Amino acid sequence: MPDLHVGFTQPRTTSTAILTEFLDVVDDMPVIQATKAAMLRAADLRPGMRVLDAGCGHGIEMVRLATDHPDVFFTGLDRNPDLLALARQRGAGLDNVEWVEADLADPGLPEGHFDVVRVERVLMYSGAALGRHLDALIRLLRPGGRILLFELDYGGMILPVGNHDEAVVHAIRAIMEKAMPEPWAGRKIPVELLARGMADVVAEPYVFVQPELVWRRVIHDTLVEALDRDPVPRPEIRAWLEDHAKTAAEHPFRTAVTGVLTTARRPA
């Protein structure tokens, strides 16, 4: 199974079916629904507003919002053409939605055009371009507009130890951090927004245990891919992985992941 992180950073390297299944399972997680609800409250949507969903994927949240708020106009942006095709199908019949295939670095959208920009688990794939992507998103906001960002922070990942040495867990977390282009996105974004003069910056952490399928896609497959590429045998990590893979479905504690929801306002 390919590393899912590659699938989200390089379009068409991973099948659309795998990406869609993963996104659907994540969407059903109570903590993700809680962050979506918090983002909606912070957006304070009103008739006539324009909302950008940057990195909309297959459009599940975009269509949900557009259906519930017919007097608000939504733009869904993604660089994966296959996911965007699914989004267009999902949103067929809605006249308050448009879809744009573009990269965050060059979205090709009017400056100051949006009242709200929302970003969900996207900037953690930015790597060294995190600041440039934030600049691009802020430019799209009208003065007084709000930006809402929920990003994971792999540096805050809590891995079970079991009967293994703690050094094994530290090594595994290092591998997971390396797999994510910007593993500390969650904690960095509030500071980056303050440095850019954004107002009313609020950051709220969320911690959640991964469902079994998410654990396998994010932890298991990423580690297997990394170990297969590593010329140095890592039997201690393979042993940890084998032990936890056997019990992933019923283990009371698989892996806890930290995310940070940050909201801010562009000064008028």
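The values are calculated or read from the model by the stated rules, or taken from the named source; none is laboratory data. Small disclaimer: the values here were computed from a predicted structure and weren't measured. Every residue, glycine among them, receives a Cβ derived from its backbone with ideal geometry; neighbour counts consider all protein chains shown. The accessibility values were calculated without ligands, DNA or RNA, using every heavy atom of the protein model including side chains. Shrake-Rupley method; radii C 1.70, N 1.55, O 1.52, S 1.80 Å.
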- Query: Given labels modelled 7 Å from the Cα in the Cβ direction, how far is it in nm from Val191 to Ile60?
  - Reply: 3.2 nm
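Kirkwood Rh over alpha-carbon pairs of the chain, then Stokes-Einstein at 10 °C and 1.306 mPa s: what D in µm² s⁻¹, rounded to an integer?
So the translational diffusion coefficient is about 82 µm²/s.
How large is the helix-only mean residue ellipticity at 222 nm for the chain, computed as the sum of -39500 (n - 2.57) over DSSP H runs with n ≥ 4, divided by its residue count, in deg cm²/dmol to the nearest 500?
-12500 deg cm²/dmol
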- Pairwise FRET efficiency - His113 versus Arg41, Cβ, R0 = 25 Å, nearest 0.05: 0.65
- Taking a spot 7 Å from the Cα of Val25 along the direction of its beta carbon, which residues of the range 209-233 have an amide N less than 17 Å from it? 209-225
- Message: Report for the chain the percent antiparallel among DSSP-assigned beta bridges with both residues inside it, nearest 5.
- Response: 50 percent
- Message: Full-extension gain between Arg12 and Val202, please, as 0.36 nm times their residue separation minus the C-alpha to C-alpha distance.
- Response: 64.9 nm
- Query: Among rounded, prolate and oblate, which fits the range 17-151 when a ≥ b ≥ c are the square roots of the eigenvalues of its C-alpha gyration tensor, a/c under 1.5 means rounded, and a/b larger than b/c means prolate?
  - Reply: rounded
- Using a 1.4 Å probe on the protein chains only, how many percent of the accessible area of the range 1-44 belongs to carbon and sulfur? 58 percent
- 1/(1 + (r/R0)^6) with r = Cβ-Cβ of Asp95 and Glu242, R0 = 45 Å, i.e. FRET efficiency to nearest 0.05, evaluates to 0.30
- Note on the structure: Classified through the alpha carbon gyration tensor (a ≥ b ≥ c as square roots of its eigenvalues; rounded if a/c is under 1.5, else prolate when a/b is larger than b/c, else oblate), the range 143-268 comes out prolate
- Item | Highest to lowest packing among 28-37, 15-24, scored as the average C-beta count within 10 Å | 15-24, 28-37
- Task: Take each of the peptides 116-125, 180-189, average the number of other beta-carbon atoms within 10 Å over its residues, and list them starting from the highest.
- Result: 116-125, 180-189
- Sorted on mean Cβ neighbours within 10 Å (highest first), peptides 210-219, 130-139 come out as 210-219, 130-139
